[in-house]
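Comments concern the structure below.
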Amino acid sequence: MSQFWSDHVHALEPYVPGEQPKENILIKLNTNEHAYGPSPRALEAIQIETTGDLRLYPAPGSDILVRAIASTQGVVADQVFVGNSSDEVLAHIFNGLLRRGDQPLWLPDITYSFYKTYCRFYDIEPHYVALNHKFEIDPADYVRAQQEGAGGIIFANPNAPTGHCLSLESIKEILQANPEIPVVVDEAYIDFGGASAASLLEQHPNLIVTRTFSKGYALAGLRVGYALASPEMIMGLQRIKDSFNSYPLDRLAQVGAAAAIADTDYYQKVNQQVIDNREYLHKALEKLNYEVLPSKANFVFARPLDQEAKTVFLELRKQGILVRYFEQPRIDQYLRITVGTREQCEALVKALQKVTI
Ligand SMILES: *Cc1c(COP(=O)(O)O)cnc(C)c1O
């Protein structure tokens, strides 16, 4: 608290990211970073760029990166908006597309918690829709949103922290029922086996898909995200960007992300490894008497049936393994565990066996 803060700052509830520990953690499975490293081509492109002209401002529209994204995602460049992380892209979407007077934003009660933070930041009223008893988004719960006065809809697909992925049919149902309000599908985890809604863009001008290089492209440290939408929505986001920061992506980020997205063979290989490790971890946890939700992300959401989740979280921490625990209604008996390398998954399972005894 400070007398120098504006009322706006007093009212904020900042997002609390998963811990980035300084010491004593041997295995870090708490913030869904990729188990394997980024494409060597991305690293090479960044290295070459460091010998380039960092004295000069970068391209304000990140044109080369935008074209690389457009060509791999099957859209035109006018349908792509890039930003310094998908969190920043989401912030501009909240500000520019979802802030509609006193019309509430519809979103799941259990989802990425940054949405709540942005509602507060941009003075948008959240309207929470409960996940069903299987912890899934039920499209039937969203078909009356527009009719009931919603200003927009947002959810993550696959959802976080549950890992559940909606089918394209279900997303289509939500889009069709709400043609006049923006529907944002946050695809941060789409590279681990889910089907992308990008194929629905042509038929549904109310759809916005957001993506990040942090998860499926193993570049969380580079901070690059993007949105795919109709040219008119993209133009709206560009107006926000150019009223806020004209150069959100530095030169290293632009070339690194462009090289990464072009290296499809590499990412297919490492993301398949993550998927295989996820299936291994899922089965191993079930053997340890955990309830494990089916996941299409690079994490699993699991509930120990014989112990308190918080106890397991603290015991693992003592053993140098960090997972994510949310002290929050409905999910305080679950752990969200990032899928690591096979060796990390095996070490985790061993540590859990010790906790269980
Ligand atoms: C990690 C994550 C993001 C943020 O990604 P950044 O590009 O690193 O900001 C957005 N949405 C969801 C659901 C995420 O899990």
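The values are calculated or read from the model by the stated rules, or taken from the named source; none is laboratory data. Values in this document were obtained by computation on a predicted structure and should not be read as measured data. Note that we place each Cβ from the backbone using ideal geometry, even for glycine, and neighbour counts take in every protein chain shown.
Of all residues in region 314-341, those that are on the phi > 0 side of the Ramachandran plot have Cβ atoms under 7 Å from Cβ atoms of residues that are in a strand (DSSP E or B), 6 or more apart or on another chain, in 320/27.
Screening 174, 154, 124, 181 for residues that are under 27 Å from residue 330 (Cα atoms) and in a loop (DSSP other than H, G, I, E, B) leaves exactly one candidate, 124. Checked against the criterion of being within 16 Å of the ligand (Cβ to nearest atom) and touching a residue at least 60 places away in the same chain (Cβ under 8 Å), the candidates 137, 110, 153 yield just one match: 110. For region 323-342, filtering for residues that are outside any loop (DSSP other than H, G, I, E, B) and under 14 Å from residue 279 (Cα atoms) leaves 3.
Within region 156-168, restricting attention to residues that are within 14 Å of the ligand (Cβ to nearest atom) and among the polar types (S, T, N, Q), the residue that is nearest to residue 206 (Cα to Cα) is 157. For region 348-357, indicate whether the set of residues that are at pLDDT below 95 and surrounded by 15 or more Cβ atoms within 10 Å (Cβ to Cβ) is non-empty. Yes - at least one qualifying residue is present in region 348-357. Residue under question is residue 72, and the condition is that it be of a type in the set (S, T, N, Q), part of a helix (DSSP H, G or I), assigned by TED's automatic domain parsing to the domain that holds residue 168 and surrounded by fewer than 14 Cβ atoms within 10 Å (Cβ to Cβ); does it hold? Here the answer is yes, as residue 72 does meet what is asked. Does region 37-56 contain at least one residue that is crowded, with 19+ Cβ neighbours inside 10 Å, within 14 Å of the ligand (Cβ to nearest atom), of a type outside the set (A, V, I, L, M) and under 21 Å from residue 206 (Cα atoms)? The answer is no; no qualifying residue exists. For region 207-247, the set of residues classified as surrounded by fewer than 22 Cβ atoms within 10 Å (Cβ to Cβ) and in a loop (DSSP other than H, G, I, E, B) consists of 220, 221, 223, 230, 242, 243, 244, 245, 246, 247, listed by residue number. Checked against the criterion of being free of Cβ contacts under 8 Å to residues at least 24 places away in the same chain and in contact with a strand residue (DSSP E or B) (Cβ under 7 Å, 6 or more places away or on another chain), the candidates 129, 75, 89, 80 yield just one match: 129. Checked against the criteria, residue 242 counts as away from the ligand (no atom under 16 Å from the Cβ) and among the acidic types (Asp, Glu).
When region 6-48 is filtered for residues that are in contact (Cβ under 8 Å) with a residue 12 or more places away in the chain and not in a loop (DSSP other than H, G, I, E, B), the ones remaining, listed by number, are 11, 27, 28, 40, 41, 42, 43, 44, 45, 46, 48. The residues of region 333-357 that are closer than 21 Å to residue 294 by Cβ and in contact with a helix residue (DSSP H, G or I) (Cβ under 8 Å, 6 or more places away or on another chain), listed by number, are 333, 334, 335, 337, 339, 340, 342, 345, 348, 349, 352.
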